[in-house]
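Q: Shown below is the structure under consideration.
Just so you know, all these numbers are worked out from the coordinates, no wet-lab data involved. This one's a predicted model, so the numbers in the text were calculated from it and none came from an experiment. We place every Cβ from the backbone using ideal geometry, glycine too, and count neighbours over all the protein chains shown.
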Amino acid sequence: MKRTLIALTIAAVAMLAGGSAYAHHSFAATYFVDQEITVEGTLTQFMYRNPHSFVKVDVPDPKGGPAQTWSVEWGGGAQLTQEHVTRDTLKPGDHVIVTGNPGRDPSEHRIRLHKIVRPADGWKWEGVIM
């Protein structure tokens, strides 16, 4: 009985002290990691969250049709905080220029963010975290 109690205690401590296990998808499965595109438009939404934040940008159609909404995948809220990006850094209506890896399915209008610039005040973020 004492041996079982010790074994259970050790197991409980190991589970509590152990690091978190992270499962992550492959970006290469979703994005062309060897390509880069740039889009420019109006930010409509900034979803500051974990495990990934997203920016939605309405980009004018080059052929004059309706604007296309691009979904831009960024790092998680905890990572962005370390980079001095908060949930208030970007607001709907901001004019932004986004550069990153294009999604594998062009009809989805997706980008994995590498750089975002707000020309109105010169604010920018550049890097790859995720």
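Per-residue answers, yes or no, for (1) surrounded by 17 or more Cβ atoms within 10 Å (Cβ to Cβ); (2) among the acidic types (Asp, Glu):
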position	(1), (2)
73	yes, yes
76	no, no
96	yes, no
101	yes, no
107	no, no
111	yes, no
116	yes, no
119	no, no
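Q: Further, regarding this structure: Those residues that are crowded, with 16+ Cβ neighbours inside 10 Å, within 15 Å of residue 41 (Cα to Cα) and in contact with a Ser or Thr (Cβ under 9 Å, 6 or more places away or on another chain), I need them from segment 78-94; list them, please.
A: 94
Q: Please specify each residue of segment 62-94 satisfying the condition of being in contact with a strand residue (DSSP E or B) (Cβ under 6 Å, 6 or more places away or on another chain) and either more than 15 Å from residue 127 (Cβ to Cβ) or not hydrophobic (A, V, I, L, M, F, W, C) (or both).
A: Correct list: 67, 68, 69, 70, 71, 73, 90, 92, 94.
Q: Against the condition under 19 Å from residue 90 (Cβ atoms) and not small (Gly, Ala, Ser), how does residue 34 come out, does it pass?
A: Against the criterion (under 19 Å from residue 90 (Cβ atoms) and not small (Gly, Ala, Ser)), residue 34 does not qualify.
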